[in-house]
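The block underneath contains the structure these notes are about, expressed in structure tokens.
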Amino acid sequence: MHFLLGRRTYVTHAQAFEPMAPGDPFGDMMNPPKKFVVSRTLEKPIWRNTTIIRENVIESVRELKAPTGRHHFYGRKQPACARAAGTRSGGRVTPASVPTDVGER
């Protein structure tokens, strides 16, 4: 499994999950997988296992999709990610929502 995120969603998730200690169920689920963020403005990764996609987005997403055919797209641009991956509604893309309100209140 890997994640494809837009910059805003990536930054929000990175700030929430990256600092979590090993053994935290959310951190253990979200930190190990590879992450791909589409951004022209993010200068360097702030979350482990991250690759920044700056150019050739459509081609890059298609390459990511090729090995497994199954992906998790997060954020406000889910339909655009699915279109870039060449997937239609009912395809093998798994849009998902992850809680970002983590921690004590």
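The values are calculated or read from the model by the stated rules, or taken from the named source; none is laboratory data. In this text, all values refer to a predicted model and were calculated from it rather than measured experimentally.
The table that follows gives values for the structure above.
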quantity: Complete set of residues in segment 1-32 that are part of a helix (DSSP H, G or I) and of a type in the set (G, A, S); calculated: A14, A16, G27
quantity: Unmet criterion (only one of (1) of a type outside the set (G, A, S); (2) more than 11 Å from the chain's Cα centre (by Cα); (3) at pLDDT 95 or above) for T50; calculated: (2)
